[in-house]
Each structure stands twice: as C-alpha cells, then as structure tokens.
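Worksheet: the structure to be examined is printed underneath.
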Amino acid sequence: MRKIKFDTCIVGTGKAGIDFSAKLAQKYNLPTEVKSTQIGVRFEAPQKYFQKLIDISYDFKLYQKFDNVSLRSFCTNNNAAFVAVEETYGDVTYNGHAKKGEEFRNDMTNFGILMEIKGIEDPFKWSRDLVNTLQLKPNNTGLYYSPNGTRTPSNTSEGTLINTAQIDEIGLKDVDKSFQGYFKYITDFIDGMNEVFEFGDDWGMYIPEVKYLSPEPLVNYTNLALNEFPNVHFVGDALSARGITVSGAHGIYVSEYLLTNV
C-alpha cells in the first residue's frame, strides 16, 4: 500500500464514503456522537392541493413532535417536480428535485416526510437493515403506495418510469411491520395533512426515503478539526452534514481557515 505524507488533510468523503469515515473513527478510536435515525417516505400529490401554501412559501415546512419521534416535511419540489431514485449500498431509496424549464411542468408537488427517531442504539445499522427489508427482491427496488387505485408512479424528468414497485394494502401492512411500530407516525402525519389540504385519496408515497447518519466524530468547531488530530478536518457527509449547501459551506469554512492560519 502506498503511503502519502501530509501536513494537513481534509476528509470529505461525500455520501458514498460514510462507511469509510465510520471505519476511520473505529480504527483510531475517535470519540463520536451518536446521531438520530432519520427515515421516512417521499410524498407526492397534485400541486393544486398545496397551492395556497406554495404561494407563500415554495419550500414550505410542516412539523410534528412527540417525545422520542419528530416528523418534518423535507425538500419540497413544485411546478416541474419529479421523484428521484437514489441507490446506496445496493438498495433503492427516494428523493426529489424540480426542473426550471416550463416544458417540464407537470403541476405536481413532492416532499420527504422524515421521522427523526431518538433512542435507537445503532441508528446507522438500524436504518440500513430497515431499508433492505423495503426492497422488492430479487431486483431490489423500492415501493410505491397510493390509496387511489388509479394513481400510479410518476415518470422521471427524462420521461422514463420511476424504478419502484406498486404495492396494495396488504403490502403496506408488511411495510408497517418492517418499521417496527414507527410507520404509524407517518400515516398519522398524512392524515393530519389531509384535514388541512383535503387531497383525499389523490396522493402516493415512495418508500423509503432515508438520511444515513453515521456516528459523528467530535471536532473543534472553529475549524472542524478532529480533537485528537488537529491537522485532520472532517467536512460534509463525513461529519453528517446532510445537504449540498451545508457540505459546501463546510469545505469553504475549512479552506478559509487553512488559508488564513496555516
């Protein structure tokens, strides 16, 4: 194995390198902080039901909080809104994005409904194991459910079918079992939205959406350097940042620090 000497190292592994970051923390016995589990579904419905709220706030936020579980809407997309497939660790999960061009308009809205669950001993492993049970074997694809039998999965922004498998009420009961009692929080959240936005059965959800958060190495927040190794800086998903904006800000923050102080 080739060894490279360095004076300063920035660890920015991205989402695909979360496992690598976790292995580094384990190998060098880095003190870490366990993160909460963040998992849920990607909700989709015609935009007309949410239009009054969208007129006020495009990326609106909805919240509900309990003792050890909190729920929030996440990453709202409107006008030309598409559900996106993510493949991580060989499993399919879902996210969303929107196009700018009017030619892509589909008058749909989608957003994540994410639970933040506290108290799970190993959130990273628990999430990965749960996601794996929500794959339709043998091809490993995620799931889609709608109470309206006529609503089917949407197309991608490229016009192809979203990689998902539609399930019925029986399949949804299996999903409920896989979530080990937590799925009721999501269905209750949707029922609560329905009382306000009155979309009836005209909606669907893609299962699952997940934010993998491995234990976060403890750092000096003045420069995001490891407490034990002050010349090693963790940024982005390596530090459980989640999100392009925050991850990019991490990199800029550390770079400016190094240019000014090193």
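Set side by side, the residues Ile162, Ile207, Ile186, Ile170 differ, and just one is surrounded by 12 or more Cβ atoms within 10 Å (Cβ to Cβ), at pLDDT 90 or above, β-branched (Val, Ile, Thr) and more than 17 Å from the chain's Cα centre (by Cα), which is Ile162.
Once segment 130-149 is narrowed to residues that are closer than 30 Å to Lys100 by Cβ and assigned to a loop (DSSP other than H, G, I, E, B), the residue that is modelled with the lowest pLDDT is Asn148. Among the conditions (1) modelled with pLDDT under 85; (2) hydroxyl-bearing (Ser, Thr, Tyr); (3) touching an Asp or Glu at 6+ places or on another chain (Cβ under 7 Å), the only one that Tyr28 does not satisfy is (3). Which residues, counting only those in segment 123-142, are open to solvent by 20 Å² or more (accessible area, probe 1.4 Å) and in contact (Cβ under 8 Å) with a residue 40 or more places away in the chain? Once the filter is applied, which keeps residues that are open to solvent by 20 Å² or more (accessible area, probe 1.4 Å) and in contact (Cβ under 8 Å) with a residue 40 or more places away in the chain, segment 123-142 yields Phe124, Trp126, Arg128, Asn132, Thr133, Asn140. Give the residues of segment 219-262 that are among the aliphatic types (A, V, I, L, M) and modelled with pLDDT under 85, sorted by residue number. Of everything in segment 219-262, those that are among the aliphatic types (A, V, I, L, M) and modelled with pLDDT under 85 turn out to be Ala238, Leu239, Ala241, Ile244, Val246, Val262. Return a yes/no flag: does segment 207-219 have any residue that is farther than 30 Å from Thr13 by Cβ, outside any loop (DSSP other than H, G, I, E, B) and either hydroxyl-bearing (Ser, Thr, Tyr) or in contact (Cβ under 8 Å) with a residue 12 or more places away in the chain (or both). Scanning segment 207-219, I find no residue that is farther than 30 Å from Thr13 by Cβ, outside any loop (DSSP other than H, G, I, E, B) and either hydroxyl-bearing (Ser, Thr, Tyr) or in contact (Cβ under 8 Å) with a residue 12 or more places away in the chain (or both), so the answer is no. Restricting attention to segment 220-230 and to residues that are free of Cβ contacts under 8 Å to residues at least 40 places away in the same chain and not in a loop (DSSP other than H, G, I, E, B), the residue that is surrounded by the most Cβ atoms within 10 Å (Cβ to Cβ) turns out to be Ala225.
If you go through segment 154-183 and keep only what is of a type in the set (D, E, K, R) and over 15 Å from Leu130 (Cβ atoms), you end up with Glu158, Asp168, Glu169, Lys173.
Residues that are among the basic types (Lys, Arg) and either open to solvent by less than 20 Å² (accessible area, probe 1.4 Å) or under 29 Å from Gly181 (Cα atoms) (or both) were ranked within segment 59-103; the one that is farthest from the chain's Cα centre (by Cα) is Lys65.
Consider segment 21-42 and keep the residues that are aliphatic (A, V, I, L, M) and part of a strand (DSSP E or B). The one that is nearest to Asn78 (Cα to Cα) is Val41.
The values are calculated or read from the model by the stated rules, or taken from the named source; none is laboratory data. Quick caveat, the model's predicted, so the values are computed rather than measured. Heads up, the Cβs are rebuilt from the backbone with ideal geometry, glycines too, and the neighbour counts pull from every protein chain shown. Surface areas here come from the heavy atoms of the whole protein model, side chains and all, with no ligands, DNA or RNA. Shrake-Rupley method; radii C 1.70, N 1.55, O 1.52, S 1.80 Å.
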